Structure formats: structure tokens, C-alpha cells
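Engineer: Submitted below is the structure of interest, expressed as C-alpha cells.
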Amino acid sequence: MRAITRITVGLVLTTGLGFAGASLAGADRGDGLLACNSGEICFAQNSGGGGGQRHFFYGSSNHANEGNFHNGVVFYHNASSIKNRDTVSPVCVTESGDWVNDSWQFPSRSTTWSNFAYDLNDENAKHKRGRC
Amino acid sequence: MRAIAVLGVLLIATSCAAEPAPRAPELPPLPAGARPFELFRRADLTLVDQADRALFLECLADNGYPQERALGNESVEAVTGLSRPPISPRTEAEARKYGFGTALPAEPATIDRKDPAFFAVADRCETTAREALGVPIEVAGLRDRYAQLGNALVQDRARKVEAILVAYGKKLVACLAGRGHRLQAGATFSARGDLKQFGITTGSHAPAKPTPVRRPAGLPADVPYKPAVPPREYRPSKAEAAFAVSFVRCGQQTGLFAAIDRDGLAIEQQIVERHVSEFSGLNPQIEALAAKSSEVLRGR
């Protein structure tokens, strides 16, 4: 099932990029471009910033973890990496469990993609601007 | 001729023997009584971040955007997950007051820029700021890598504590059931799940009460400005608070809390040993950068 999903994702991604060029279109809450730019909190579907993109301007009124990556893949629990280009604030990302403290805090003006490499499942149950 | 060749071989052999073998990375020394996680120089990372931001805001101000600097540059603690216990609540008082939640930290005032011209300046100012601290790409990389190390410590510890929670799962579930908190029909206990598995609806944070402040002088009227918001308490639901009290009692009764406390130091030690090369390589660098940051902040 996962393999089929991946193939579908690949097809959607190829098609999407073919038509949309470097645009994120409706999935984006940031500047609408595929590149992760200054002022955005950027999540990527794959490690190292690969695959689907979903970006949020820090002032965006909608930081909900609903919706999809730009390639149509569900965003919730599917992010594998993050780059925080917010100019001022860190970002706190948490898993959905209520029992154990397992927050991630990413500094502002970061220049590298950080992988959620310590989890069997992908992360990003929720995120918010500010320290954890 | 033969003698020269023998001498040459001897010289090469001697020089090879004198070359020290590469040393395995070692953990930096810890003061007596310190916990292994104190190897992580959290205060240094916080200081580096504050200096980096001070220089960045200064550059923005010099390039036509003084309003960001006017909002101030308060220190923002790095990797705060490390300052919290791995599991909570641990006392009945905590359970009644906070349930399983935590307060939201204060939010600083924010100027909500959307103008590409601003972000072009911001990009340049990141580099300018880091030039004052060292080689920009190295400063940026070190800051990111060290924050990732801190996150890795939090995550590694969480996985170990989850394993203890799973090991005590049956006892915990039985104890909670004895206090009237049963798993939902057909559910099995998940240490990574939320309280819904026990049919508990959690509470929420107190509503945000933005601090009334004037817009920074000179900020164009069409640029949105969001005032600072003070910290917000978490208010558990009645059911969550009651469940949390039972969790504390069961945590004590089943030996769960004792096991977490007993293994706490060993867990930290195992984790820092797993990250020995990062600590060994990055600690001297972050300490040096923090010293430089301290100089930068002095007088600002």
C-alpha cells in the first residue's frame, strides 16, 4: 500500500512540477514558491527537504496541520524534515502522544534541513512558533 | 648503498612508529555530581542565538527596517525540552493543576512582513550578522547541528522512557482500571497515544490576552502587527485532572516512577555515549562561539 502511495506521489509530483513550475499553489501558507525562503517555516515530506513541500509564513493565520503537501500527499504525520526560516522565532514541533516529553525545537534563521530521524513514524502532529 | 637503504628503511619505520594513532573521540569532562545531559551546552547555544539575532536586527535597522529591533531582543531558551522532566505529572498537586498539559510560553510581538524586499534584506543580514561571529556558513551550520544534537537527546530519552512505560503498561492499565479509568473497548495501551484511549477529553490553554502596546514608530499602516502575548496557563478538563491524579498514584504504586528515576542517570549516560563524536567535536566549537557571542552582546 505504501509502495503504491509512493508511486502515486511520484506521478503527482512529476505532473505537478511540469505544470506548476516552481509554484506551490494552493497548498502553501508561505510565499507560494517551492524554495524554502526567508520568513517561512518549511516542512518536507522526505528527509533532507525532499518530496512534497508545505510552507507557512510565520504570520500565517493558518498553521493547522491539516491539508496536503504541494504534491497532494497528506501533511499530518507525514513530514520527515523541517527548515525554520522564520526570521525571529524558534518553532516547536510535537508528536501526538500525551505521556512523554518528546518535543523538537528548531532555531530561527536556520539554513539546513533537520530530519525527524528519531521516530518510526513521521512527525508533526502539531507545530507552533516559539520555544517548546 | 645497502647501508643507506637500510638507514632509510629504519628512518621511515621510526617516523611511522612515532606517529600517534588516531584517538577515539571522548566525552568532555563533567563536574562532579553533574548529570550526563549537562554535557549539552544549552546556555551557550542560547547565547549564540541571542547574539546572532542582535546582529541580525541591527543590520535590518541599518537597512531600512528599524521596527524589528525596536521590539527588543529577549533571550529565548534553546532546546527547552531538555529542561523538562521526561514524563509528567509526577505529583498530585501537578496533576490537579496542570493535568498532562504545560503552559504556553510568552509570545513576543511580531511584525508580519510579506514584502519580498524585506526578505531579500533579511537574507543579506543573516550573512552580515554571522560575519561578526565567524565564517557565516560555519556559524550557521554549527548552530543548526548543535540544536539537532539537543533534539536528539530529548528524542532518545523519550524513546527509552516510553520503553519503561510499555514494560509497566499492563500494571498501569490494571491500576487505572481499579480507579475507574478503563481503556476504550477494544483498545490496547499505547505509550505513544493520547488520553483518548481512556476516553479522556483534554483541557485547553487560557485564552490569549495580548499586551496593549503601540505599533512601532514608522511601521507602515499596511504591515500587520501582532502584540506580545503573555504566557498562557494550561487548564485541564475536570476528567483530565482526575485521570492525572490516578496516573500519579498508579505511577507510584506500580513502581513505574521508581523505575524511571532509577534508570534516569544510566539512560542519560547511554545516550551521551551514543553521541560521543558530536559532543567531542561540537562542544569546543560552541563554547568558543559562545565566548565570541558574549563579547558581541557586551555593551549592546
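Rule-based calculations on the coordinates, nothing more; no lab input. Since this is a predicted model, take the numbers as computed values, not measurements. Here the Cβ is made from the backbone with ideal geometry for all residues, glycine too, and neighbour counts use every protein chain on show.
Engineer: Pick from B:LEU57, B:LEU71, B:LEU165: which is most flexible by mean-square fluctuation in a GNM of chain B where alpha carbon atoms under 10 Å apart are linked?
Structural biologist: B:LEU71
Engineer: Also, quick follow-up: Considering chain B as a Gaussian network with a 10 Å cut-off on Cα pairs, which listed residue, B:PRO210, B:PRO36, B:PRO89, attains the greatest mean-square fluctuation?
Structural biologist: Of B:PRO210, B:PRO36, B:PRO89, the most mobile in the Gaussian network model is B:PRO210.
Engineer: What number, in percent, do you get for the relative contact order of chain B if the mean sequence gap of Cα pairs under 8 Å and at least 6 apart is divided by its residue count?
Structural biologist: 33 percent
Engineer: Holding the Cα-Cα limit at 20 Å, pick out from B:LYS97/B:LYS238; B:LYS97/B:LYS160; A:LYS126/B:LYS196; A:LYS83/B:LYS160; A:LYS83/A:LYS126 the pairs that are longer than that.
Structural biologist: B:LYS97/B:LYS160; A:LYS83/B:LYS160
Engineer: Given a Förster distance of 56 angstrom, what is the FRET efficiency for B:LEU297 paired with B:SER237, based on the Cβ-Cβ distance and rounded to 0.05?
Structural biologist: So the FRET efficiency works out to roughly 0.85.
Engineer: Per q in 0.09, 0.10, 0.11 1/Å, what log10 I(q)/I(0) does a Debye calculation on the alpha-carbon atoms of chain B return?
Structural biologist: Cα-only, vacuum Debye calculation for chain B: -0.68, -0.79, -0.91.
Engineer: Still on this model: Principal axis extents for the protein assembly as shown, Cα atoms only, whole Å, descending order, please.
Structural biologist: 94, 59, 55
Engineer: State the extension gain, in nm to one decimal, for the chain segment bounded by B:ALA185 and B:LYS226, taking 0.36 nm per residue of separation less the distance between their alpha-carbons.
Structural biologist: Gain on extension, B:ALA185 to B:LYS226, equals 10.2 nm.
Engineer: Just to be sure I understand the rule: take each whole DSSP H helix in chain B, project its Cα atoms onto its long axis, keep it if the span is 27 Å or more and its mean Kyte-Doolittle hydropathy is at least -0.5. Which ones pass?
Structural biologist: Helix filter hits for chain B: B:42-62, B:136-167, B:276-297.
Engineer: When the helices in chain B are scored as -39500 (n - 2.57) per DSSP H run of 4 or longer and the sum is shared across all residues, what 222 nm value do you end up with, to the nearest 500 deg cm²/dmol?
Structural biologist: Theoretical 222 nm ellipticity from helices: -18000 deg cm²/dmol.
Engineer: I want to verify the translational diffusion coefficient of the stretch B:142-300 in µm²/s; compute it with Stokes-Einstein, Rh as the Kirkwood radius over Cα pairs, at 37 °C and 0.692 mPa s.
Structural biologist: For these conditions, the coefficient is 161 µm²/s.
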